Each structure stands twice: as structure tokens, then as C-alpha cells.
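So the structure is just underneath, and the comments pick up after that.
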Amino acid sequence: IRSKGFDLNGIWVPWYNLHKLFVGLLDAYDLVGNQLAAKVVWKLGDWTVDLLKDLPEDKWQAMLACEHGGMNDALARLYEVSKSEPHLEVARRFDHHTVLDRLASNTDCLPGLHGNTQIPKVLGAARLYKITGEERYRKIAENFFWQVVDGHTYAIGGNTSGEYFGPRKQLSRRLTMSTAETCNTYNMIRLAHSISDWDKSSLIDDYIERALWNHILPSQDPETGMFCYFVSLHPGH
């Protein structure tokens, strides 16, 4: 295993790309009942189980150092369809302990991390909490959400500069031309909705409103369809 932030054995984020394939197939099944999509994604899940069944834990964790999207979320979602225990087991094995264990103990490990590498992992933790009831997953989801909202979120509801988290509560020093990546905010809104299934705090709804109205909608031109990848907060930009 040769793993860097976006490179796994010389391949550009392969699990990240496979995550998109899983989710597209699951959406095709969930939204319109496409049975072929269900069959294909089920077989993809079985292929994933078979591919990784002999990989030792240290190699697993080395592999997860490369951005892997929300593979834990996608496989847990597949389990909700298939009820196949190996699908759930492999979803749980996509726990990236370097990050998720620290979040479980509410350690602020975010400064210096790539933002949207982390949020899909936490979305997976939220789904696994709903499936398993394991408190560790609930703590991961909640601790991450509030760490981001309280210490790393700009006034418009977005986070990160140049896609990376910076020092906690030092946002005024990071008003750059690459602030507020829209991918992050989209996924943070998803996480907020997920947490609100078990936590009815109005503060979660406040965050959703702020992020939707002040970041996601302003990032799009409704007349032309053009959009911003970042929403710059650099003064005068």
C-alpha cells in the first residue's frame, strides 16, 4: 500500500470515484426503483468485500489515508437495501481511525486537514449510528458538526480556505479568494439533516438556513446556470 492524500498506489482517489458509482446506482434504485441498478450495486458490494477480505488492519488504515469519499456511508446504505451482514461489516471497516477516533473523544483534529475528505466519513458515521445504535458513531457525527460550526465556519455558512481547515476561530486571518468550498457546505447541510433525525435542536435548523441562503444559493446564477466552486470572502475581490 502506497497511500498519500489523493494517491493510492499511483491511482487518483480510486475509492472516492467508486463511492460516486455506488451512490449513483443506489439513487437509481431508491428514486425510480431501477432493479438493474440494485443488482449491479449489490454485486459491487460483494466485490468490495471479496477484494478486501484478507487486508490486515494496518494496511486498511494506510489505504484510508487516501481520500475515499463516503465509502462507509455508501456501503452502509447498501446494507439497508441488501441486509447482507458482510456489506455492513466492510462499511464499518472503512472507519478511518486517525480522524474518527479523535472525533469520538471530541479532540479538535481539524486544523490542517482537507475539508471535504472528512465530511463524507462523518456522514457515514451518522448513518452507521442509525443502523447500529453505537454511541461512538453518534459522538463522531455530533462532535465533528459542532467543531466545524463553532470554530471553522464563516458568516455565510461555508468553511475552509483552499479546501483546508485552518486554526480554530481564526477565520478573520483567512479571508482569501478560495474560501467556502461549496462541496463542503452541501455535505454539511446533509450532515445537519442527518443529526436532526435524533437531535431536534433549533441551532441545527439555524445552520441549515444560514448555509443554504447565504452560501449555496448565492453560489449559483439562476439565469445562466453558472456557479462558483469557492465563494470568495477576500475583501474587494
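The values are calculated or read from the model by the stated rules, or taken from the named source; none is laboratory data. Please read all numbers here as calculations on a predicted model, not as lab measurements. So basically every Cβ, Gly included, is an ideal-geometry build from the backbone, and we count neighbours across all protein chains shown. When the accessible area is computed, the model is the full protein with side chains, heavy atoms only, and any ligands, DNA or RNA have been set aside. Shrake-Rupley method; radii C 1.70, N 1.55, O 1.52, S 1.80 Å.
Assuming R0 = 35 Å, what is the FRET efficiency of D205 and V81, from their Cβ-Cβ distance, to the nearest 0.05?
The pair D205/V81 has a calculated efficiency of 0.75.
Quote the FRET efficiency, to the nearest 0.05, computed for D50 versus C183 with a Förster distance R0 of 25 Å and r equal to the Cβ-Cβ distance.
Calculated transfer efficiency: 0.20.
When only Cα pairs under 8 Å and 6 or more residues apart are kept, what is the percent relative contact order across the stretch 8-136?
27 percent
Let's test the formula: R0 of 45 Å, r as the Cβ-Cβ distance of R173 and E89. What FRET efficiency results, to the nearest 0.05?
0.55
What number, in nm² with one decimal, is the all-direction average of the projected area of the convex hull of the alpha-carbon atoms of the stretch 1-157?
Over all viewing directions, the stretch 1-157 projects a mean Cα-hull area of 9.9 nm².
When the chain is modelled as a GNM with alpha-carbon springs shorter than 10 Å, which of S82, S194, S172 fluctuates the most?
Between S82, S194, S172, it is S172 that shows the largest mean-square fluctuation.
Counting only heavy atoms of the protein chains, get the accessible area per residue of the chain (1.4 Å probe) and round it to a whole Å² value.
About 49 Å² of surface per residue is accessible.
How high is the relative contact order of the stretch 100-231? Use alpha-carbon pairs under 8 Å, at least six apart in sequence, and give a whole percent.
Reported relative contact order: 25 percent.
If I compute solvent accessible area with a 1.4 Å probe over the protein chains, what percent of it on the stretch 167-235 is carbon and sulfur?
Accessible surface attributable to carbon and sulfur in the stretch 167-235 totals 57 percent.
If you place +1 on the Cβ of every Lys and Arg, -1 on the Cβ of every Asp and Glu, and leave all else neutral, what size is the dipole of the chain about its Cα centre, to the nearest 20 Debye?
Using only the charged Cβ atoms, the result is roughly 320 debye.
Taking θ = phi - 60°, what integer Hz values does the Karplus form 6.51 cos²θ - 1.76 cosθ + 1.60 yield along the stretch 15-29, in sequence order, with x for Gly and Pro?
Listing the rounded values in order: 5, 4, 5, 5, 4, 4, 5, 4, 5, x, 5, 5, 5, 4, 6 Hz.
Which order do H237, H97 take by accessible area at a 1.4 Å probe, largest first?
The ranking, largest first, comes out as H237, H97.
Can you tell me the relative contact order of the chain? Whole percent, Cα pairs under 8 Å, sequence separation 6 or more.
Result for the chain is 15 percent.
Heavy-atom accessible area of D197 with all protein chains present, probe 1.4 Å, nearest 10 Å²?
90 Å²
Where does each of T48, T176 land when they are ordered by accessible area, with a 1.4 Å probe and the largest first?
T176, T48
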